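Only one structure is covered here, and it is reproduced in the block below.
The values are calculated or read from the model by the stated rules, or taken from the named source; none is laboratory data. From a predicted model like this one, the values you see are computed outputs, not experimental measurements. Heads up, the Cβs are rebuilt from the backbone with ideal geometry, glycines too, and the neighbour counts pull from every protein chain shown.
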Amino acid sequence: MSNYKNLYKLIDGLNSKIKILDFDVKNIPNKNKIKKKIKNKIENKIEKINNQDRSKIESYKILSPSEITYGKKKYIGLLFDNNFNNYETDDNSKNGNAISFINLAKSNIIINYSIYLELNYTPLSSIICVIALGIRTKTDSKIKIIKGSKQIFDVVNSNVIMGNINLTNTTIYMCGGNEELCMIADFGSVCKINSRKSLIKLFYFFNF
C-alpha cells in the first residue's frame, strides 16, 4: 500500500513541477527540454516503484520423505516445507505442511538450492547419487527434468566435511504457467538430508 501512496505523490509532484515550468520558464529557449528532463526523472522513479511489485522470493526447507514413502524406489521425490520453525523431524511423518510439488507462477524464475547430506556410514566402494529439479504441468502427470539442474556425484569422491556433503545449484527457468516444481533424487541408503540446513529459494521476476 505504501508503494501506491508513493506513486500518487510522485504523480502529483510531476504535475506540480510541470505547472511551475509553464509559469516560470516561458522565456527560456530550452524550456521544453527542461520539462522533459524532469518528467523522465520522475517517471524513472515511478517505474522503480512498480518494479518492486514485479518480483518476489519464496523459500522452503527441503526434507526427506518418510520410510513408507521411500520404500524400494530408486528415485524419490523430496519434500518442501515453508515452516522454518519446525525442527522436530526430518521426514513428513509429523509434518503436515510438507508438500511434494511447489506451484509456480508465470514468470522468469531463478531457482537456487543448497542441500546438506549426512552420511550414514563411510562407503569404501563407489556409490553414485543423483539429484535434479523437475517440472510437472497441471494437464500432464509426466515430469520433465529442467535442463542444467541434474547433478550426479560419487559419495566416495565427493568433498565430505565432518560426515556431510553440501550440494548447491542455481538454475534459471521460464515458467509459462500451470506448472509445478519438484526435486527428484537417488541417495540410496547412504545419505540423509539435514533439513535444518537444506533450503530452496525461488526468485520470481514478473517482467514479461
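The table below lists the values:
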{"item": "T69 being in a loop (DSSP other than H, G, I, E, B), polar (S, T, N, Q), more than 22 Å from the chain's Cα centre (by Cα) and at pLDDT below 75", "result": "no"}
{"item": "Subset of the stretch 169-206 [under 27 Å from N108 (Cα atoms) and of a type in the set (F, W, Y)]", "result": "Y173, F203, Y204, F205, F206"}
{"item": "Boolean, S189 is touching a residue at least 60 places away in the same chain (Cβ under 8 Å), within 21 Å of L117 (Cα to Cα) and outside any strand (DSSP E or B)", "result": "yes"}
{"item": "Residue count, the stretch 83-103 (criterion: at pLDDT 85 or above and either within 13 Å of the chain's Cα centre (by Cα) or assigned to a loop (DSSP other than H, G, I, E, B) (or both))", "result": "5"}
{"item": "Residues being touching a Pro at 6+ places or on another chain (Cβ under 9 Å) and surrounded by 15 or more Cβ atoms within 10 Å (Cβ to Cβ) - total across the stretch 130-158", "result": "1"}
{"item": "Count - residues of the stretch 104-142 that are within 19 Å of K192 (Cβ to Cβ) and part of a strand (DSSP E or B)", "result": "12"}
